[in-house]
Amino acid sequence: MNTSPMTTPKPTLLLVGYGMVGHRFLEALADAGAADRYRVVVLAEEPRPAYDRVALTSYFSGRSPEDLLLAEEGFTDKHGYELHLSSPAVAVDRAAKTVTTAAGHTIGYDTLVLATGSYPFVPPVDGKDAEGCFVYRTIEDLQAIERYAAGARVGAVVGGGLLGLEAAGALRGLGLETHVVEFAPRLMPVQVDEGGGEALRRTIEEMGVVVHTGVGTKAVEVSQDGTAVGMQFTDGSRLDTELVVFSAGVRPRDQLARDCGLTVGERGGIAVDEFCLTSDPNVFAIGECAMAVDGRVYGLVAPGYEMAQTVARQLAAQSAQPFTGADLSTKLKLLGVDVASFGDAFATTPGALDVVYSDSRAGVYKKLVVTSEGALLGGILVGDAEAYASLRPLAGTGKPLPVPAESLVLPAGLAAPVSLGGSALPDDAVVCNCHNVTKGQVRAAVTEHSCTTVPEVKTCTKAGSGCGSCLKLLGSIVSEELEASGVEVDKGLCPCFAYTRAELYEIVRVKRIATHRELLAKHGRVGQDAEGCEVCKPTVGSIIASLAPELEASGHILDGEQAALQDTNDHFLANLQKNGSYSVVPRIPGGEITPDKLIVIGEVARDFGLYTKITGGQRIDLFGASVDQLPQIWSRLVAAGFESGHAYGKSLRTVKSCVGSTWCRYGVQDSVGMAILLELRYRGLRSPHKLKSAVSGCARECAEARGKDFGVIATSNGWNLYVGGNGGATPRHADLLAQDLDDEQLIRLIDRFLMFYIRTADRLERTSTWLERIEGGLDHVRDVVVHDSLGIAADLEELMSHHVDDYQDEWAATLADPERLARFVSFVNAPGVPDPSIRFTPERDQIKPDLVLLATEEELLAALDPDNDPDNARVAARATASILEDAR
Amino acid sequence: MTTVAVQTRIELLAGRGWTAVCDLDLLLPGRGVAVLLPDGRQAAVFRDARDRIHATANRDPFTGAYVLSRGLLGSTADGRVYVASPLLKHRFDLETGECLDDESVRIPVYAVRLAEV
């Protein structure tokens, strides 16, 4: 009998350290159903719950500390965990089985789990503690660096490894002249060889980061007031710098264990066995503070996660995987450069051979290490690590590669393109290294758990939810598996087309098809005579409108067949409201408007009896116009210099702005001027969904630019460009795409970004969902838009310049054309008769729709009776005139 | 063969009398127009991609608004032509008036003819 009597108190499980590994341990314990077997107490040193330290640097691209938190809200409460923040443990009494916190509290335990992590190593040089010297480990460190950098011009990073380069990227992003100092002869000495280090160096230097390799730091020069002013190096040289970040590696935090007499490794780390048990049978150690049974201390998160799992399962009395060591393969993106290293990267296996491709100019270096029989042992990829996800699982399997190794390193174009899909992998190959998921498990998710998409497989297996580098491979395994089981995945836009919007865009562009009818006849999946539908008509209409100059089609959306494709809003160039009336929004670029123009809007609203409301996009919406009033309203507005605000279209709405440097004492750039420039440039641009933008004149961000599809925030050096923001039901902050741009660079990047979005997004897919859905995400978009990785930047720019040249105000053009105007009648058989169903009742000194009138048809007929309402006598009289007989 | 320029006019049967709608040329394939009927009711008249003319009530029964004439036409895989309301996108079969998204709802349909004048 294993069941304990109800009266026995639960044993106490004490977790010291609440970082990423500690959090995974708590998750694994709950997943194993053992959270309620223990009273679980967690001591955290930092003032906040566990956060994603791997993504720490993203704090500088705008992720807030809250965004970085790992646990969903209520995690600890849900499982009954007692979490004590800002409560570091200072002593362990193993005999009494207690732990004492810094505040002097003593907590007893039955089982102790140490997950204290590591601390940054600061070399013992003079001046290392001066003001201006930092480490790069916690959110508080980053906040301190951010504050200090505001008053500095030059910054240096000691350490050219993974973290050092991240820190260098951050300093550069903060606008500092940035130096990296690495003692080894190359950057990232642990991961890459000399060739890889060279490629990395060149690319990083091109970004303006100064790289010093093969030199050690001798001292930090300190001024009389105790602040850092420079550095001295072992080769006798020196550097003026006000800010120094030490990022020269980490050391296990094993002091607590040492002090209580647990066995520690010679070079640090709490010694554990293959089940992560220390020399005390009641104490486990996991993560970066532990020295595994192979004698290594793993400074990566994935092995720490494995250890957490091992311990959690033991505590849940389930069979646990022993932890005997881990794969050190890594793929990262540092300063925009892909770096991957896996397996026997340094060819230490006897008889290992290497196949190398190196293009210094392009900053690409690829090396595969193989046996003489052609089996893959490992490799290093710098500058292009696309093949990492499919190569890593093959390393060390002992099977010869399915294709010659050289074809895998040559760039596309130099050799027949080869990509190893999922089919090359054996079932036991680990596809997702972060969560240790094999190809067999992914296949099972499809065949046994009926997953049909990558997101479903992600939820089911956790594969791909870590670093994400395997997502593409996952996609190929999932499709292969679906195909093998005969499932067809319909990605078509609608019942009429088997293509996605992005594919239709390419078909229209390449085949120069300028009508929906032709596209449906040639590329639809239904018969020749099909009508199309309410989904594909506006979508194709929008594609043709975006490509109009290229197709030599008319740019006006009410010309020819285009008129029949538009949703009613586009068809009447106004926004349909719930009672069948329309609202009108004139463009007010950047939200800037003269008093005279404001007066015109007021007069028009008053004269036509319209309800007026200020919108969130800094303009004025006029409600309650009937179809036949629209041309009259617009002729007044156009005469006063207004133009269409495109509030009705899937197109650019507004570019909101704050008042900027012209008036605001904080402003650093003219945000209003830039907002007007952008709004006038992109007005009328048809896109898969509406587009919103804003420009803020300083980092206070009063224009809320990060809630927009593309947002611009002024810096003292120019502009930062953010993309993919969104308000609405699922708000999303925009991500930083590029920093410190001048006006011309900013516009060029926005041109490319918008056209790339228009080209590749799905129907009604905002930039936020597009950015998360598109393969490679933000990094891919940045590669294409900023680094022109697909070589299409010039095309995208040209498309935009055609749009800008071709722009015409849709309302002015409509007013000038009697044929288009003829459409704006309520009734085709009674032009001039207003629609009697559109009536209003008063509310707060304005109008609102009369919905009672719409409740039944009889209500309307009763209202039409001249006896009831003299106003409608005219309508009724005219209508009755043509009555032959009323049989109803 | 000599062709005489004649106008083709669309007419709609409301009750027992035909109401003139408009010239056929005025109606774009794939779109509709609103028609005021003699008794004050409203109809929507559409021309589909194969140039057939259909007429239904103009009132969208889900919202009460008189807007169906401003909806987009579509056809289902089995060839039924419908109009999608511009408000909440409910689809109505142009032949039967049946709502394709809620079979308990049906809108009136009218007979139409083309008259040469």
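Every number here is computed from the coordinates shown, using simple stated rules; none is lab data. Remember, predicted model here, so these are calculated numbers, not experimental data. Heads up, the Cβs are rebuilt from the backbone with ideal geometry, glycines too, and the neighbour counts pull from every protein chain shown.
Remarks
- In straight-distance terms, cross-link reach from A:Lys128 covers every one of the lysines whose alpha-carbon lies under 21 Å from its own, apart from those fewer than eight places away in the same chain; here that gives A:Lys218.
- When the trypsin sites (Lys or Arg not before Pro) in region A:193-263 are filtered for DSSP coil states and for at most 12 other beta-carbon atoms within 10 Å of their beta-carbon, no site remains.
- For chain B, built as a Gaussian network whose Cα springs stay under 10 Å, the top-fluctuating residue of B:Thr19, B:Thr76, B:Thr56: B:Thr76
- Alpha carbon centroid spacing (whole Å) that separates region A:301-378 from region B:9-42: 73 Å
- Low-density loop positions, GluC sites (Glu not before Pro), region A:1-99 - DSSP coil, at most 14 other Cβ in 10 Å: A:Glu72, A:Glu73
- Separation of the alpha carbons by more than 27 angstrom is noted, of A:Lys613/A:Lys656; A:Lys366/A:Lys472; A:Lys78/A:Lys439; A:Lys491/A:Lys511; A:Lys439/A:Lys491; A:Lys78/A:Lys333, for A:Lys78/A:Lys439; A:Lys78/A:Lys333.
- Secondary-structure-derived ellipticity at 222 nm for chain A, considering helices only, amounts to -8500 deg cm²/dmol, per-run term -39500 (n - 2.57) for DSSP H runs with n ≥ 4.
- Highest to lowest packing among A:205-215, A:565-575, scored as the average C-beta count within 10 Å: A:565-575, A:205-215
- Rounded FRET efficiency, nearest 0.05, which uses the C-beta distance separating A:Glu386 from A:Met207 and R0 of 25 Å: 0.75
- Working ranking of peptides A:538-546, B:9-17, A:748-756 by packing, defined as the average number of other Cβ atoms within 10 Å per residue, highest first, is A:538-546, A:748-756, B:9-17.
- FRET efficiency, 1/(1 + (r/R0)^6) with R0 51 Å, evaluated for A:Ala150 and A:His105 via beta carbons: 0.85
- Residue-span extension gain [A:Asp273 to A:Ala830] - 0.36 nm each, minus C-alpha spacing: 191.5 nm
- Qualifying aspartates and glutamates (Cα of each under 19 Å from Cα of A:Lys597; at least 8 residues distant if same chain): A:Asp607, A:Asp621, A:Glu643, A:Glu679, A:Asp809
- Couplings for region A:660-669, taken from phi via the Karplus curve 6.51 cos²θ - 1.76 cosθ + 1.60 with θ = phi - 60°, read x, 5, 5, 10, 7, 5, 9, x, 10, 9 Hz in order; Gly and Pro are left as x.
- Extension gain from A:Ser450 to A:Ala822, taking 0.36 nm per residue of separation minus the Cα-Cα distance: 128.5 nm
- Of all DSSP beta bridges in chain A, antiparallel share, percent nearest 5: 65 percent
- With 24 Å as the limit on Cα-Cα distance, the pairs of A:Lys578/A:Lys690; A:Lys522/A:Lys650; A:Lys650/A:Lys708 that go past it are A:Lys522/A:Lys650.
- Around A:Tyr51: net Lys/Arg minus Asp/Glu count, Cβ-Cβ under 11 Å: -1
- Within a Gaussian network of chain B (alpha carbon springs, distance under 10 Å), most fluctuating of B:Phe92, B:Phe62, B:Phe46: B:Phe62
- Three-way shape call for region A:84-153 based on the alpha-carbon gyration tensor, with the a/c threshold at 1.5: prolate
- Amide H within-cut-off set for A:Ala156, under 5 Å, with H built and near neighbours excluded: A:His179, A:Leu243, A:Val244, A:Val245
- Charged side chains reduced to their Cβ positions (Lys and Arg at +1, Asp and Glu at -1) give region A:435-540 a dipole of some 440 debye around its Cα centre.
- Descending semi-axes in whole angstrom, ellipsoid equivalent of chain A, from the Cα gyration tensor: 58, 32, 31
- Where chymotrypsin sites (Phe, Trp or Tyr not before Pro) fall in DSSP loop in region A:761-843, at most 16 other Cβ within 10 Å: A:Tyr807
- Residue-wise HN-Hα coupling along region A:100-107, computed from phi with Karplus coefficients 6.51, -1.76, 1.60 (Hz; x: Gly, Pro): 10, 9, 4, 7, x, 7, 10, 10
- Euclidean distance between Cα centres, region A:551-626 to region A:220-288, Å: 64 Å
- Two-site label geometry, A:Ser635 and A:Lys578: point separation in nm, points 7 Å out along Cα→Cβ: 3.3 nm
- Whole-Å distance, taken between Cα centres, linking region A:507-549 and region A:628-674: 32 Å
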